[in-house]
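Asker: The structure is given below, and queries will be raised subsequently.
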Amino acid sequence: MNLSKISEDSLQRAHRLWVDYGILWLGAILVGLIAVVYARAIDYCFDIFRSLQHAHSWAPLLLTPAISALCVWLTRRFFVGSEGSGIPQVIATLGSHTTERGLSLLSLRVLAGKLGVSILAITGGLTIGREGPTVQIGAAIMFNLRRLYPSINAAMERRLILAGAAAGLAAAFNTPLAGVVFAIEELSRSFEQRASGVVITTIIFAGIVALGLTGNYTYFGTIQVINETSGKLILAVIATALLTGCAGGVFCWLLLNTQRWMPASVQVLRRERPVAFGAACGLVVALIGLLAGGLTFGSGYAEARGLLSGTEQLSGFYPLLKMASLIGSYLPGMPGGMFAPSLSIGAGLGNLLHLFFGNTSLGMLIALAMVGYLAAVTQSPITAFVIVMEMVNGHALVISLMATALIASRVSRFFAPPLYETLSERYAPRPAVLEAAVADEHAPHQ
């Protein structure tokens, strides 16, 4: 009888530990593992595209439009909710009625579409990143693990989603601090004390898995900063912040106001024949890529890292062409992120500024422009600053990066409201759905 009692107590303690810690740790490990596998799949498939492009320079003219059209068809037919970067979907889910929104935007079906279609898109050379999608992937993994809890409420679901999204970003960039800041500034706009432990624990375990599989690394390497005079540095910060703030603001305005600049016939094509519109956008992306010598295809990670290391030479037109390619890849509505392409555009702007600040460190200008443009696009200056600081090991530029991010973010607001937050409003539930969700919340739990 004593043995039976001890056994029962042990099982109860084990079950309690599983519920309190085990499920969370399992989710964190899955987020880290899938983030690494996803990154390697993206790199592998883009290498396939590069090989084909180098062997046949005309291949993108056929391949990119075809894959773009296929991605749009798959997304609209099977994976509605997986389109775009995924960050707006996470914000919308955290905003209200977590269960109802989560079942629509963070389901296993959406998770599969996010992974599969974005990998297919990068095989076609489309200008997308994997970091934003990894945020939605992480959130979806943690949301679906709620089924393992014996009882769950909206507050706990929210903490799981927040933790998964933050861990996804941290694992994608290998920037754990940025994951915490991202959860506070971009996703929740507030931070509950009870949520902090869940978020940080998830980031730690996801980061351990990612580090174990990829090793300790900085996303863009380490920049070498030559000592600059305070006058030159202040001037560089102001010029960089103004340029990137305007560029990022215009980019946001273009994405949020397509009806104001897109010809009426193109709007009709986009609305009534989305697959054909996707093929047309793919052709535009291919033409831009050929005009740029192939440099605008893909996320732009290699180009940004090459600029920072001094092994890459880019035209002054590169950031404009990359921005056009990113818009052409985003508008059809297929899965794909904007973080890495935005960092690449920022790097190109820093390279352009070096023409006017020839005696200033190129690496420093690129780092400043990357943080400025990312802050302008996201209008989350603290997140942008921490991400870039961790990615380039730029602790010597802390104050300069902070100032650039803050100014660029403010400048961007003159052009457009916060991009991700505005896009998330498109996923707001309709009044009828809201009434059903409210009724369901007050119904007894089954």
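The values are calculated or read from the model by the stated rules, or taken from the named source; none is laboratory data. It should be emphasised that the depicted structure is a prediction, and the values quoted were computed from it without experimental measurement. All Cβ positions, glycine included, derive from the backbone under ideal geometry; neighbour counts span all protein chains shown. Just so you know, the surface numbers come from the protein's heavy atoms only, side chains and all, with ligands and any DNA or RNA stripped out. Shrake-Rupley method; radii C 1.70, N 1.55, O 1.52, S 1.80 Å.
Asker: Taking the condition of being closer than 18 Å to Ser424 by Cα and outside any helix (DSSP H, G or I), how many residues in the stretch 249-280 meet it?
Answerer: Number of matching residues: 1.
Asker: List every residue pair whose Cβ atoms lie under 9 Å apart, where the two residues are 6 or more positions apart in sequence or sit on different chains, the first residue falls within the stretch 376-399 and is under 17 Å from Pro417 (Cβ atoms), and the second residue, located anywhere, is aromatic (Phe, Trp, Tyr) and assigned to a loop (DSSP other than H, G, I, E, B).
Answerer: Qualifying pairs under 9 Å: Ala376/Phe415.
Asker: Only residues that are surrounded by 22 or more Cβ atoms within 10 Å (Cβ to Cβ), under 27 Å from Arg16 (Cα atoms) and either in contact with a strand residue (DSSP E or B) (Cβ under 7 Å, 6 or more places away or on another chain) or of a type in the set (A, V, I, L, M, F, W, C) (or both): list them for the stretch 144-185, please.
Answerer: Leu160, Ile161, Leu162, Ala163, Ala165, Ala166, Ala167
Asker: Go through the residues of the stretch 328-350 one by one and say whether even a single one is part of a helix (DSSP H, G or I) and closer than 16 Å to Leu233 by Cα.
Answerer: Among the residues of the stretch 328-350, at least one is part of a helix (DSSP H, G or I) and closer than 16 Å to Leu233 by Cα, which makes the answer yes.
Asker: Scan the stretch 131-151 and give yes if some residue there is hydrophobic (A, V, I, L, M, F, W, C), at pLDDT below 90 and touching a Lys or Arg at 6+ places or on another chain (Cβ under 6 Å), otherwise no.
Answerer: No; the residues of the stretch 131-151 include none that is hydrophobic (A, V, I, L, M, F, W, C), at pLDDT below 90 and touching a Lys or Arg at 6+ places or on another chain (Cβ under 6 Å).
Asker: Cβ-Cβ under 7 Å, sequence separation 6+ or interchain: first residue in the stretch 272-292 and under 14 Å from Leu320 (Cβ atoms), partner in a helix (DSSP H, G or I) and open to solvent by 30 Å² or more (accessible area, probe 1.4 Å). Which pairs?
Answerer: If the second residue must be in a helix (DSSP H, G or I) and open to solvent by 30 Å² or more (accessible area, probe 1.4 Å), the pairs left are Ile288/Leu321; Ile288/Ala324; Leu291/Leu321; Ala292/Leu321.
Asker: Mind checking which pairs have a first residue in the stretch 412-438 that is more than 22 Å from Ala375 (Cα to Cα) and of a type in the set (S, T, N, Q) and a second that is buried (at least 16 other Cβ atoms within 10 Å of the Cβ) and at pLDDT below 90, Cβ under 6 Å, 6 or more apart or different chains?
Answerer: none
Asker: Between Ala92, Ala55, Ala69, Ala59, which is open to solvent by 20 Å² or more (accessible area, probe 1.4 Å) and small (Gly, Ala, Ser)?
Answerer: Only one candidate passes the filter, namely Ala55.
Asker: If you don't mind, there's one more thing I want to ask. Can you work out which of the residues in the stretch 280-313 that are over 14 Å from Thr127 (Cβ atoms) and over 24 Å from the mean Cα position of the chain (by Cα) is most open to solvent (accessible area, probe 1.4 Å)?
Answerer: Gln313
Asker: Let me ask something else. Being surrounded by 24 or more Cβ atoms within 10 Å (Cβ to Cβ), part of a helix (DSSP H, G or I) and at pLDDT below 90 is the filter here; which residues of the stretch 368-385 pass it?
Answerer: Listed by number, the residues that qualify are Pro381, Thr383, Ala384, Phe385.
Asker: So the check is Cβ under 9 Å with 6+ separation or different chains; which pairs have a first residue in the stretch 334-360 that's at positive phi and surrounded by fewer than 24 Cβ atoms within 10 Å (Cβ to Cβ) and a second one that's in a loop (DSSP other than H, G, I, E, B) and polar (S, T, N, Q)?
Answerer: Matching pairs, first to second residue: none at all.
Asker: Which numbered condition in (1) within 21 Å of the chain's Cα centre (by Cα); (2) open to solvent by less than 40 Å² (accessible area, probe 1.4 Å) is the only one that Gly22 fails?
Answerer: (1)
Asker: Does any residue of the stretch 251-258 turn out to be open to solvent by 50 Å² or more (accessible area, probe 1.4 Å) and under 21 Å from the mean Cα position of the chain (by Cα)?
Answerer: Yes, because at least one residue in the stretch 251-258 is open to solvent by 50 Å² or more (accessible area, probe 1.4 Å) and under 21 Å from the mean Cα position of the chain (by Cα).
Asker: Something else now. Which residues, counting only those in the stretch 293-315, are touching a residue at least 12 places away in the same chain (Cβ under 8 Å) and small (Gly, Ala, Ser)?
Answerer: Gly294, Gly298, Ser299, Gly300, Ala304, Ser309, Gly310, Ser315
Asker: Still on this structure, I have one more. Return yes when Cys252 is modelled with pLDDT of 95 or more, touching a Phe, Trp or Tyr at 6+ places or on another chain (Cβ under 8 Å) and within 26 Å of Gln379 (Cβ to Cβ) and no when it is not.
Answerer: Yes.
Asker: Against the condition aliphatic (A, V, I, L, M), open to solvent by 30 Å² or more (accessible area, probe 1.4 Å) and more than 25 Å from the chain's Cα centre (by Cα), how does Val266 come out, does it pass?
Answerer: yes
Asker: Which one of the conditions (1) more than 16 Å from Ile366 (Cβ to Cβ); (2) in a helix (DSSP H, G or I); (3) of a type in the set (Val, Ile, Thr) does Thr296 fail to meet, given that it meets all the rest?
Answerer: Failed condition: (2).
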